[in-house]
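I have placed the structure first, in the form of structure tokens, so that the comments after it can refer back to it.
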Amino acid sequence: MLYNFSEKLRAAVTPSDEEKQSLLAELMQNRACQALEDIRKVLDDDRLDDPTCFYRIEEIVRIYEKTGSNGGSRHDF
């Protein structure tokens, strides 16, 4: 009887494949959003002044602009 209860409890707390997929998608979205937030912080950091990376930063800013975000103070031209 205890075995049956344990099996039922395990089945109740074990996520289905669909739930696993949903959780994974949510986790990936959260990580992507965090990465975008981190990139935003770099773009907004006025202490960073590296002319050799100008074009790389410019491309990042263009990606932001394609998604409807703005380039912030580093792209006001």
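Please enumerate the residues belonging to the range 45-73 that are at positive phi and surrounded by 11 or more Cβ atoms within 10 Å (Cβ to Cβ). First the steps, then the outcome.
Initially, the range 45-73 is screened for residues at positive phi, giving 68, 72.
Within the range 45-73, just Gly72 meets the criteria.
Among the residues of the range 17-53, count how many are farther than 19 Å from Ile63 by Cα and charged (D, E, K, R).
9
I'd like to check something: does the range 30-44 contain any residue that is open to solvent by less than 100 Å² (accessible area, probe 1.4 Å), in a loop (DSSP other than H, G, I, E, B) and either touching a Pro at 6+ places or on another chain (Cβ under 6 Å) or at pLDDT below 80 (or both)?
no
The values are calculated or read from the model by the stated rules, or taken from the named source; none is laboratory data. This is a predicted model, so every value here is computed, not measured. Here the Cβ is made from the backbone with ideal geometry for all residues, glycine too, and neighbour counts use every protein chain on show. Just so you know, the surface numbers come from the protein's heavy atoms only, side chains and all, with ligands and any DNA or RNA stripped out. Shrake-Rupley method; radii C 1.70, N 1.55, O 1.52, S 1.80 Å.
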